[in-house]
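The values are calculated or read from the model by the stated rules, or taken from the named source; none is laboratory data. Quick caveat, the model's predicted, so the values are computed rather than measured. All Cβ positions, even for glycine, are placed from backbone atoms using ideal geometry, and neighbour counts span all protein chains on display.
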Amino acid sequence: MAQYRKRERGGGAAVTTSWTTPAVSAGFDAYDDYVETRLAYTPLVNDLRTTCGREAIVLDYGCGSGKVSRRLLDAEAAAQVVGVDISTDMITLAQVQSPQPAARFHTIDSGHVPYPDDTFDAVVCCFVFINVPTREELRAIARELARVLTPTGTLFIVDSNPAATGIPFPTFRSGEPGRCYRDGDERRVSLQIPGTGVLELVDRHWFISTYEAVLNEAGFTVDQVTDRGAQSVEDVGMQSPIDHPPFMQITAHLAAASESAIGAGQMTCRRSYPKPATLAAVVWEGRVLLIRRAHMPDAGRWAFPGGKIELGETLTVATVRELAEETGVHATPGDVFDAVDVIDADHDLHYVLIAVLCRWERGELVSGDDALEAAWFTLEDMDAIPVAQTFDVRAIAETALELEREQQERPK
């Protein structure tokens, strides 16, 4: 695949190295990718899980040492992940570091995936295109990804944002400040390796129009090109806002197959409409039950337990199931009393939460699934915690408590 140049210490000529050399593999694996994780990988995982569900079979093309594959499985964003890479050393690292039985890793030649047509529900391709030196090789990779993707599948590409070239970030810099890069130009990349120093490589500066053209030639339609990191730079150590976020995500689907599936009334894997979900408003002794969310939207903030309604589930069954999975609590579902939109434009998410009033029956609080914590709160307690920003948590709580009081006051 991509050939890299590693600058010798003390100046001197650049020497050509390859991803298939042990030194490059070890250095890249040692790189602390917390900036990429916060700003690119976490939204990717959330998008894939929302778009394709937890039963998806996913191809991680250019998987390296398996970091993205492990994140997908750890977040239950896929039922199985197959990682492929041109580097035998990277694949060895992935196999050693990824104990999940649902993960499989293979060494491949560039542009060749040893699987039949229509195998994968989704393909993720993270920081691969920038490491491909020619358009011809980009086209070959895109054609192969189109071949192994199911007709209703989705392709997710995460890469450096060409508009951010030359901007230094806490752990890396792609390109030299002040230089104007043409499409396909070589671009020096500096990676901060903990305890080792700087690993300097060379990748390619591809325009977004090149990504779109290559994908279109392979039979894809580009759904969206999304900046990653515009609102979150302060979370990764940046001292001031920047004009261009460091990463981008491209989402695409197979054009002809998806159009025919839509015309036949079949559901496609890609997200194109709001998704219904349940919200369990559990009231007990003047308090409501909240969870601190592990995932977007509103990751790290407090909201009501709940989640997506699975195919074939009734609203009340889904409410009871999600409540038990996230909190360990069992409750009796009552009336539907509200419905609210949760729209997170930054992560291209839209849910319609259907609020169900629930009465606690049994169970000690044990957080699980998508919940980091679970706790009971009065309205006064809620003033001191960070609640979800995508809808009015307090208003839902006030309504639930009032309805519970009215029910208690009714004559038996």
| field | the range 73-121 - residue that is in contact with a His (Cβ under 9 Å, 6 or more places away or on another chain) and not in a loop (DSSP other than H, G, I, E, B) and, of those, farthest from Asp29 (Cα to Cα) | value | Val82
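Take Phe127 and decide whether it is at positive phi and hydrophobic (A, V, I, L, M, F, W, C).
In short, yes.
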| said: Going by what's in this entry, would Glu398 be described as in the same structural domain as Ala281 (by TED's automatic domain parsing), of a type in the set (D, E, K, R), in contact with a Leu (Cβ under 9 Å, 6 or more places away or on another chain) and under 14 Å from Pro305 (Cα atoms)? | reply: no
| remark: Reported set for the range 18-61 where residues are farther than 15 Å from Ser190 by Cα, at pLDDT below 90 and not in a helix (DSSP H, G or I) is Ser18, Trp19, Thr20, Thr21, Gly53, Arg54, Glu55
| Extreme residue, surrounded by the most Cβ atoms within 10 Å (Cβ to Cβ), among residues of the range 353-412 that are modelled with pLDDT under 95 and hydroxyl-bearing (Ser, Thr, Tyr) | Thr390
| request: Would you check which residues across the range 280-291 are assigned to a strand (DSSP E or B) and surrounded by fewer than 21 Cβ atoms within 10 Å (Cβ to Cβ) and list them? | output: Trp284, Arg287
| Sole exception among (1) without any contact (Cβ under 8 Å) to a residue 60 or more places away in the chain; (2) in contact with a Gly (Cβ under 6 Å, 6 or more places away or on another chain) for Leu357, by number | (1)
